[in-house]
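Asker: The structure under discussion is supplied below as structure tokens; questions concerning it will follow.
The values are calculated or read from the model by the stated rules, or taken from the named source; none is laboratory data. Since this is a predicted model, take the numbers as computed values, not measurements. Don't worry about glycine lacking a Cβ; one is built from the backbone with ideal geometry, like all the others, and counts go over all protein chains shown.
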Amino acid sequence: MSLPPGFLDELRNRVSISSIVGRKVIWDMRKSNQAKGDFWAPCPFHQEKTASFHVDDRKGFYYCFGCHAKGDALTFLRESENMSFMEAVELMAREAGLPMPERDPRAAEKADRLSELAEVTEAAVRFFRMQLNTSAAAGARDYLKGRALAQSALDRFEIGFAPDARQALWSALTGAGIAGDKIIEAGLCAKPDDGSAPYDRMRGRIIYPIRDGRGRCIGFGGRALSATARAKYLNSPETPLFDKGRALYNLGPARSACGKGQPLIVAEGYMDVIALVEAGFEGAVAPLGTAITEDQLRLMWRVAPEPIIALDGDTAGLRAGFRLIDLALPLLGPEQSLRFCLLPEKMDPDDILRQGGPAAMGKLIEEAVPLVQLLWRRETEGQVFDSPERRAALDKRLRMALSKIADPGLRGHYTDEIKRLRAEFLRPPARGFTPRGARNAAPVKPLTATRSTRLASAPDDAIAEAMREELIVATLICHPALLPEFEGDLERLTCRDPALSQLCAALLAGDRPDGAQADALLSLPHVAIAPPVRGADPDLARLCLRDEFAKHFARGGVEAELREVVEDLDDLADESVTYRLARATAARNESERSRLSDSTDLGEDRAALSNELQRLIESEIWVKRKK
């Protein structure tokens, strides 16, 4: 609807911004100057204790020096109450006593008719509320008590009771002077085809009033108390007021809560919403007994950019989430998506809150997964992809799903994420020794103690080389008879740890190291489990020492050769550089060939490591040349 020129200015002139904002804040009177229209208060849009929120009544604007929120009275209503623009205009117009501009006569007539029907449904709300306190509603009260609903919750959600009588509501409303045709048009009663007296649609049920975003009662939901009822839940029929595919239970209060920073949580039913709200999750809504429709999805996005769909933890709940994916994909955009809160099996939000309280539910909401992960789960769960054909079919299904996303940028990000998930899912197992008969065994997860070791956390080769030095010294401490054979090698050993150097000096001096330093060395995990340290076989210890000394000196030689080549690069011909690097690499490869094992796998691993070293050397030379 278009507004005539000057209408909004007249609204702003008639309604002061301080009167609008003052309902949400407490003015700091020490800082404010009412005479000059200058007001200060703590900001209602973010948590603070100081008065950094400024309202200028003369100019009609507000500004927060903390979060930088700013605007006029209409903006404040929209932001603080999560209203639409026209709803804010209508509210200010009522306060100003200004009639809204004339509309099309037929539209005005329709609006008047809807207002009359809303008055009928409000009368029905009052009737159902009173019936909950009668003796006929004892079973309903017992049910609600069993669901742990306090009186405050019953009042907040206006829960009532429809007596199990054919014309209880009809008699009450007609007796109050309400026309019968309006009662029928509002969906409260139905007229039989045989022309007999109309009858109540809701009978013997607990009643949940359904309100739209403006707070009007547009329909009702009813839960049967009898186990023999044809339908456990029954909604009002489609009426000029009520379209269940375009409405959400608890929409108005949830919109206000989301405007204050709460997440929008979409649960399955009335009791789930009530339980969530009572637990502090006030941004909870529910579709009305059907799968979420496109109109409801768009309505959610008007409230919050990323609603959280809380699925019941059963097969039906998961299927509902899978169906919602196909509905949402064509509508997704950079600023509107979905997350999914996957509840434990056979549990709903009410069950979670009963067993674990708000903290348990809050944790599940924080762990809600993005839509792309549920899409991946839908296409892969319970399937085996052990052939090229099955993997190709998976790729085809994923391509078809992603092609539905209209926004090209978002589609590209979805494609990248699906590629990442696919690579992780289809990645072959890590190469290594597998015991005979254990090919199909579940992969063994690394222990926490293993992940925290020095070698696992090492950023480069430095830690591994330091561990080699520790093993050499520990072996000589445990096998002092081998010291004369390796005395020359020990003199050349370059230790990174000063404490280890002191132990080497003691060994060369002919003393057997003992005390705290030696004990600390021998207690290191990688030393304590090493065979040459634990065992008494001098031949094994001799073989290990030769191997470790050779690796140590070869690695040191490569590092020294690299330093010299880089330093002398400007004076060397390319052939000389190549020769020296090749010689150093060959020496290092020879030393890495363990005397303890000549297995093909280890040889391939060492060759890969040597190639990596060669690339490192060449990159160092290239950097030097660039300089």
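Asker: Which condition number does Ser337 fail, the rest of (1) exposed (fewer than 15 other Cβ atoms within 10 Å of the Cβ); (2) farther than 16 Å from Ala267 by Cα being met?
Answerer: (1)
Asker: Looking only at the range 346-360, which residues are under 19 Å from the mean Cα position of the chain (by Cα) and either modelled with pLDDT of 95 or more or surrounded by fewer than 20 Cβ atoms within 10 Å (Cβ to Cβ) (or both)?
Answerer: Pro358, Ala359, Ala360 - these are the residues of the range 346-360 that are under 19 Å from the mean Cα position of the chain (by Cα) and either modelled with pLDDT of 95 or more or surrounded by fewer than 20 Cβ atoms within 10 Å (Cβ to Cβ) (or both).
Asker: Considering the range 290-336 alone, what residues qualify as being closer than 18 Å to Ala257 by Cβ, β-branched (Val, Ile, Thr) and at pLDDT 90 or above?
Answerer: Ile308, Ile309
Asker: Go through the range 318-350 and give me each residue that's out of contact with any Leu (no Cβ under 8 Å at 6 or more places or on another chain), free of Cβ contacts under 8 Å to residues at least 60 places away in the same chain and not polar (S, T, N, Q).
Answerer: Within the range 318-350, Arg319, Arg323, Glu335, Pro344, Glu345, Lys346, Met347 qualify.
Asker: Go through (1) in contact with a Phe, Trp or Tyr (Cβ under 8 Å, 6 or more places away or on another chain); (2) assigned to a helix (DSSP H, G or I); (3) of a type outside the set (A, V, I, L, M, F, W, C) one by one and return the number of the condition Arg126 breaks.
Answerer: Of (1) in contact with a Phe, Trp or Tyr (Cβ under 8 Å, 6 or more places away or on another chain); (2) assigned to a helix (DSSP H, G or I); (3) of a type outside the set (A, V, I, L, M, F, W, C), only one is false for Arg126: (1).
Asker: Taking the range 111-124 as the region of interest, how many residues are surrounded by fewer than 17 Cβ atoms within 10 Å (Cβ to Cβ), touching a Pro at 6+ places or on another chain (Cβ under 8 Å) and of a type in the set (A, V, I, L, M, F, W, C)? Step through it out loud before you land on a result.
Answerer: Narrowing the range 111-124 to residues surrounded by fewer than 17 Cβ atoms within 10 Å (Cβ to Cβ): 111-116, 119, 122.
From what is left, the residues that are touching a Pro at 6+ places or on another chain (Cβ under 8 Å) are 113-114.
Adding the requirement that they be of a type in the set (A, V, I, L, M, F, W, C) leaves 114.
Going through the range 111-124 one residue at a time, the tally reaches 1.
Asker: Pick from the range 215-241 the residues that are within 38 Å of the chain's Cα centre (by Cα) and within 18 Å of Arg141 (Cα to Cα): which of them is surrounded by the most Cβ atoms within 10 Å (Cβ to Cβ)?
Answerer: Gly222
Asker: Of everything in the range 175-184, what is out of contact with any Cys (no Cβ under 6 Å at 6 or more places or on another chain), surrounded by 14 or more Cβ atoms within 10 Å (Cβ to Cβ) and under 21 Å from Gly160 (Cβ atoms)? Give them in sequence order.
Answerer: Taking the range 175-184 first, the residues out of contact with any Cys (no Cβ under 6 Å at 6 or more places or on another chain) are 175-182, 184.
From the residues that got through so far, the ones that are surrounded by 14 or more Cβ atoms within 10 Å (Cβ to Cβ) too are 178, 180, 182, 184.
Hits for the range 175-184 are Ile178, Lys182, Ile184.
Asker: Filter the range 374-394 for residues that are in contact with a helix residue (DSSP H, G or I) (Cβ under 8 Å, 6 or more places away or on another chain) and surrounded by 11 or more Cβ atoms within 10 Å (Cβ to Cβ) and give the result.
Answerer: We begin by selecting, within the range 374-394, every residue in contact with a helix residue (DSSP H, G or I) (Cβ under 8 Å, 6 or more places away or on another chain); these are 374-376, 378-380, 383-385, 391, 394.
Across the range 374-394, the qualifying residues are Leu374, Leu375, Trp376, Arg378, Glu379, Thr380, Phe385, Arg391, Leu394.
Asker: Among the residues of the range 217-226, is there at least one that is of a type in the set (A, V, I, L, M) and either closer than 20 Å to Ala254 by Cα or free of Cβ contacts under 8 Å to residues at least 40 places away in the same chain (or both)? If you could, list the steps in order and put the result at the bottom.
Answerer: Within the range 217-226, the subset of a type in the set (A, V, I, L, M) is 218, 224-225.
Okay, now just the ones that are also either closer than 20 Å to Ala254 by Cα or free of Cβ contacts under 8 Å to residues at least 40 places away in the same chain (or both), so 218, 224.
Within the range 217-226, one or more residues are of a type in the set (A, V, I, L, M) and either closer than 20 Å to Ala254 by Cα or free of Cβ contacts under 8 Å to residues at least 40 places away in the same chain (or both).
Asker: Test of understanding: among Thr475, Thr494, which residue is in the same structural domain as Pro538 (by TED's automatic domain parsing) and farther than 19 Å from Ala541 by Cα?
Answerer: On the way: Thr475 fails: farther than 19 Å from Ala541 by Cα.
Selected residue: Thr494, the only one of Thr475, Thr494 that is in the same structural domain as Pro538 (by TED's automatic domain parsing) and farther than 19 Å from Ala541 by Cα.
Asker: Taking the range 521-551 on its own, how many of its residues are part of a helix (DSSP H, G or I), free of Cβ contacts under 8 Å to residues at least 12 places away in the same chain, hydrophobic (A, V, I, L, M, F, W, C) and over 18 Å from Glu465 (Cα atoms)? Even if it seems obvious, please write down each step before you answer.
Answerer: Step one: of the range 521-551, the residues part of a helix (DSSP H, G or I) are 521-522, 525-528, 531-534, 538-551.
Okay, now just the ones that are also free of Cβ contacts under 8 Å to residues at least 12 places away in the same chain, so 528, 534, 539-540.
Okay, now just the ones that are also hydrophobic (A, V, I, L, M, F, W, C), so 528, 540.
Within this subset, residues satisfying the condition of being over 18 Å from Glu465 (Cα atoms) are 540.
Residues in the range 521-551 being part of a helix (DSSP H, G or I), free of Cβ contacts under 8 Å to residues at least 12 places away in the same chain, hydrophobic (A, V, I, L, M, F, W, C) and over 18 Å from Glu465 (Cα atoms): 1 in total.
Asker: Follow-up question, since we're still on this one. Would you check if there is a residue in the range 287-299 being within 21 Å of Arg255 (Cα to Cα), touching a residue at least 60 places away in the same chain (Cβ under 8 Å) and of a type in the set (Gly, Ala, Ser)?
Answerer: yes
Asker: Now a separate question. Of the conditions (1) out of contact with any Leu (no Cβ under 7 Å at 6 or more places or on another chain); (2) closer than 30 Å to Gly283 by Cα, Leu114 fails just one. Which one is it?
Answerer: Going through (1) out of contact with any Leu (no Cβ under 7 Å at 6 or more places or on another chain); (2) closer than 30 Å to Gly283 by Cα one by one, Leu114 breaks only (1).
Asker: Let me ask another. With the requirement that a residue be more than 20 Å from the chain's Cα centre (by Cα) and surrounded by fewer than 22 Cβ atoms within 10 Å (Cβ to Cβ), what does the range 252-269 give you?
Answerer: Residues satisfying the conditions are Gly252, Pro253, Ser256, Gly269.
Asker: Related question: Pick from Leu343, Leu371, Leu364: which is under 26 Å from Leu426 (Cβ atoms) and surrounded by 15 or more Cβ atoms within 10 Å (Cβ to Cβ)? Steps first, please.
Answerer: On the way: Leu343 fails: under 26 Å from Leu426 (Cβ atoms); Leu364 fails: under 26 Å from Leu426 (Cβ atoms).
Matching residue, one of Leu343, Leu371, Leu364: Leu371.
Asker: Now, a different point. So Thr315 passes all but one of these: (1) of a type outside the set (A, V, I, L, M, F, W, C); (2) without any contact (Cβ under 8 Å) to a residue 40 or more places away in the chain; (3) under 30 Å from Gly204 (Cα atoms). Which condition number does it fail?
Answerer: Failing condition for Thr315: (3).
Asker: Please name all residue pairs, on different chains or six or more residues apart, with Cβ atoms under 9 Å, provided the first residue is in the range 70-95 and is closer than 14 Å to Leu3 by Cβ and the second residue is of a type in the set (S, T, N, Q).
Answerer: Ala88/Thr75
Asker: Related question: For Ile309, all conditions in the list (1) of a type in the set (A, V, I, L, M, F, W, C); (2) under 19 Å from the mean Cα position of the chain (by Cα); (3) over 16 Å from Glu268 (Cα atoms) hold save one; what is the number of the exception?
Answerer: Condition not satisfied by Ile309: (3).
Asker: Looking only at strands (runs of 3 or more DSSP E) that fall completely inside the range 1-85, which ones have 1 or more residues that are buried (at least 16 other Cβ atoms within 10 Å of the Cβ), out of contact with any Leu (no Cβ under 7 Å at 6 or more places or on another chain) and charged (D, E, K, R)? First the steps, then the outcome.
Answerer: On the way: elements: 38-41, 53-56, 61-64.
Here the list is empty.
Asker: Check off (1) at pLDDT below 95; (2) surrounded by 12 or more Cβ atoms within 10 Å (Cβ to Cβ); (3) polar (S, T, N, Q) for Ser135 and give me the number that stays unchecked.
Answerer: (2) is the only condition that Ser135 fails.
Asker: Within the range 150-167, which residues are crowded, with 19+ Cβ neighbours inside 10 Å and in contact with a strand residue (DSSP E or B) (Cβ under 8 Å, 6 or more places away or on another chain)? Can you show your working first?
Answerer: Narrowing the range 150-167 to residues crowded, with 19+ Cβ neighbours inside 10 Å: 157, 159-163.
Phe157, Ile159, Gly160, Phe161, Ala162, listed by residue number.
Asker: Given the structure, is Lys182 basic (Lys, Arg) and more than 17 Å from Ala118 (Cα to Cα)?
Answerer: Working: basic (Lys, Arg): yes; more than 17 Å from Ala118 (Cα to Cα): no.
When the stated conditions are applied, Lys182 does not pass them.
Asker: Looking at the range 361-384, which of its residues are among the polar types (S, T, N, Q) and more than 17 Å from the chain's Cα centre (by Cα)? Spell out how you get there, then give the answer.
Answerer: Going through the range 361-384, the residues among the polar types (S, T, N, Q) turn out to be 373, 380, 383.
Across the range 361-384, the qualifying residues are Thr380, Gln383.
Asker: Hey, can you tell me all the residues within the range 138-181 that are in a helix (DSSP H, G or I), under 49 Å from the mean Cα position of the chain (by Cα) and closer than 18 Å to Phe220 by Cβ? Full working, then the answer.
Answerer: From the range 138-181, those in a helix (DSSP H, G or I) are 138-146, 151-156, 168-175, 180-181; that's our starting set.
Okay, now just the ones that are also under 49 Å from the mean Cα position of the chain (by Cα), so 138-146, 151-156, 168-170, 173.
Ala140, Tyr143, Leu144, Ala153, Leu154, Asp155, Arg156, Ala168, Leu169, Trp170, Leu173 - these are the residues of the range 138-181 that are in a helix (DSSP H, G or I), under 49 Å from the mean Cα position of the chain (by Cα) and closer than 18 Å to Phe220 by Cβ.
Asker: Please verify whether Gln355 is without any contact (Cβ under 8 Å) to a residue 12 or more places away in the chain, closer than 30 Å to Gly146 by Cβ and among the polar types (S, T, N, Q), treating the condition exactly as stated.
Answerer: Numbers: without any contact (Cβ under 8 Å) to a residue 12 or more places away in the chain: yes; closer than 30 Å to Gly146 by Cβ: yes; among the polar types (S, T, N, Q): yes.
When the stated conditions are applied, Gln355 passes them.
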